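Right, one structure below, let's go through it.
Read-outs: derived from the displayed coordinates by stated rules, not from any lab. Please read these numbers as outputs of a predicted model, since none were measured by experiment. FYI the Cβ positions are ideal-geometry reconstructions off the backbone, even for glycines, and counts take in every protein chain you see.
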Amino acid sequence: MASSVEPFVYLDYNATTPVDPEVVTELMPYLGGEEFGNPSSSHLKGRHAHTAVDMARGRVATLLGCDETSVFFTSGATESLNWAIKGAAFQQRKDSGRNHILISAVE
């Protein structure tokens, strides 16, 4: 007899997303292994973490074909969108003198 259970479809990727297994493998030394550390700290663990972040920045820059100084890591979508909106608004003001941003409740 065939099962009538439908496959599970996850539709809340806005809230969280499963992490690719390759990403988990790459991050494990820094999440719970020997290489943990705050990359902003000056102690040995912090310097190791800082080096890892710099290496990741270089890999992302190579992938995107841009300079490493153009790659910024943020805490998530809200911070990233905040930077993008403010950056666009400041540039618009600089270019045209306009000081207004229109927003809506719809994302």
Calculate one ³J(HN,Hα) per residue across the stretch 78-90 by plugging θ = phi - 60° into the Karplus curve 6.51 cos²θ - 1.76 cosθ + 1.60, and present them in order as whole Hz with x for glycine and proline.
4, 5, 4, 5, 4, 4, 5, 5, 5, x, 5, 5, 5
With +1 on the Cβ of every Lys and Arg and -1 on the Cβ of every Asp and Glu, and nothing else charged, how large is the dipole of the chain about its Cα centre, in debye rounded to the nearest 20?
640 debye
What is the dipole size for the stretch 29-72, taken about its Cα centre, with +1 at each Lys and Arg Cβ and -1 at each Asp and Glu Cβ, in debye to the nearest 20?
60 debye
With unit charges on the beta carbons (Lys and Arg positive, Asp and Glu negative) and the dipole taken about the Cα centre of the chain, which residue among 56, 9, 78 sits farthest to the positive side?
78
When every alpha-carbon pair in the chain is counted, what percent end up more than 22 Å apart?
59 percent
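Could you work out [θ]222 nm for the chain from helices alone, using -39500 (n - 2.57) per DSSP H run of at least four and dividing by all its residues? Round to the nearest 500 deg cm²/dmol. All intermediate terms of the calculation are to be shown ahead of the outcome.
Details: 3 runs with 52 residues, N = 107.
The helix-only estimate for the chain comes to -16500 deg cm²/dmol at 222 nm.
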